[in-house]
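Working notes, beginning with the structure itself.
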C-alpha cells in the first residue's frame, strides 16, 4: 500500500512542467554507494504517467503531466542482490505536487530488515497499527455518541471539530506565522480549544434551536450546513495542500519483540487508552457521569429528579469536542493535516458509533477499535484503498446479527 512520502526539505521551483526526483544510494556502505539501473514508475490514480531509471550517480527524475497526487513506486526486483528497502511496505510513496514545483523523494535503502518477517508477524504488526487507528477513532467518536445520547442529535459537523483541533495545534506548533510551540504544548491547547469550540456550538447555536422547539430533523440539517460552512472556512484559511507537523515527522521504528512501530505510535496508543479509561471512570464513578447516563436514559425523568439537564448537555458538548479535537491532533501526527481531514473520518466515526451501540461511550470505544483493527488487518489481503469497504461490510454483518450494536441495549419499538 502506498505510504506517505518522506520528502526533501527543499521544493525547487521550475519554469513549466512539474517533476518528482530523487537519488538512490546504498547507505550501508562507507561512503554511500549510488545504485544504477533501479527502475521507478509514477502513477496518478490507476494511470501510469511516467517512468525512470537511475543513472550512474543513482539519480532519477520523472516529468509529470501537472499538479496533483501521485504514487511513485520503486521496483525492488531491480535493486542489487542483498540490498533492499529498510521497510518493504514503503516501495510506493504518495506525493502531493503543486503547480510549477519539483519535489524530491527519499526511499530508505539498506540491508533488508523485513523480508524475513513471517505472515503471523506481519498480521500482528497490522493488528497493532489497527489498534493505533482504532484508539484515535474511538477518541474522536466518543463525543459524537455522548452528544447523541443526551440530545438525540446526529451531529454531521463533528468531523469539523476534529479538523479544528488539528488546525489549532498546527498553527501553534508548525505554522510559519505561529508561535512555534512544542507539539505537546500545542496539543494540550488544542484540547482546550476544542472544548471551547464545543461550548460555543452548544450555547450559541444548538441550545437556542432547541428552545425554539426545532425538531431533530431540523437540527440534523443545521449540522450538515454547519459542517459545509466550517469546511470551506478551513479551506480558505489553511489551503488545499496537506501539511505535516514539523516534529516527529520522520522516526525510526522502535521494536518491541516482533512489533515494529515509530515511537510516536506507541505514545499515541498509550495516551489514547489512558484518556478512554479516564472517560469510563468519569461516567461510572462521578456524579457528573451518573447525571450524563441518567439524561441519556430518560431526559424527562432526569429533569424531574432535579438534574440540571441543560448543564449536563453543555458539559457533554465541551468534553466531546475536546476529545474530538485531540483526536484530530493525533490523526495529524500519524498522517498529514488537511482542511477536510475530519470529514474524511466522519464515515468511520459513524461506523464506530453504530457498530458499538449509538448513544454509549463504551460502544464508541469498542466500535472504534473493531473498525481500526479490521481496516488495517484487511490490507494483508486487499489493497489499502478498499480497507474502509471491508470495515463497512463487517459493520453491516454485525448489525444484521446484533442490531443494537456490540454494547447497545435492545429496545422494543411500538
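Each reported figure results from applying straightforward, stated rules to the coordinates on display, with no laboratory input. In this text the structure is predicted, and so the values were computed from the model without any measurement. Reconstructed Cβ throughout: ideal geometry from the backbone, glycine too, with neighbour counts over all protein chains shown.
Here are some notes:
- Modelled spin labels at residue 81 and residue 380, positioned 7 Å past Cα toward Cβ, are 3.2 nm from each other.
- Distance from the stretch 225-257 to the stretch 324-343 (C-alpha centre basis), Å: 5 Å
- The residues 164, 245, 229, when put in order of fewest to most other Cβ atoms within 10 Å, stand as 229, 245, 164.
- Each of the peptides 175-184, 143-152, 269-278 was scored by the mean count of other Cβ atoms within 10 Å over its residues; in descending order, highest first, they stand as 143-152, 269-278, 175-184.
- Between helix 119-151 and the chain: long-axis angle, C-alpha atoms, 0 to 90°, nearest 10: 30 degrees
- In degrees, nearest ten, helix 387-401 long axis to first principal axis of the chain (Cα): 30 degrees
- For 156, 107, order by how many other beta-carbon atoms lie within 10 Å, fewest first: 156, 107
- Most mobile of 304, 185, 140 in a GNM of the chain (Cα contacts under 10 Å): 304
- Using the Cβ-Cβ distance between residue 220 and residue 118 with R0 set to 41 Å, the FRET efficiency works out to roughly 0.25.
- Matching label, percent of Cα pairs over 43 Å apart computed from the structure shown, candidates [x] 30; [y] 18; [z] 22: [y]
- Computed from Cα positions, the angle between helix 216-238 and the longest principal axis of the chain comes to roughly 30 degrees.
- Estimated from helices alone, the mean residue ellipticity of the chain at 222 nm is -17000 deg cm²/dmol (sum of -39500 (n - 2.57) over DSSP H runs with n ≥ 4, per residue).
- Fewest neighbouring Cβ atoms within 10 Å first, the residues 343, 330 line up as 343, 330.
- Normalised contact order of the stretch 223-319, rounded percent, pairs of Cα under 8 Å and 6 or more residues apart: 11 percent
- The mean sequence distance of close C-alpha pairs (under 8 Å, at least 6 residues apart), as a share of the length of the stretch 41-89, puts its relative contact order at 35 percent.
- Contact order for the chain, expressed relative to its length and based on alpha carbon pairs under 8 Å spaced 6+ residues apart, stands at 21 percent.
- Among 73, 375, 360, residue whose mean-square fluctuation peaks in a GNM of the chain (springs only between Cα atoms under 10 Å): 73
- Using a Gaussian network model of the chain in which every pair of alpha carbons under 10 angstrom is joined by a spring, one finds that among 257, 194, 165 the greatest mean-square fluctuation is at 257.
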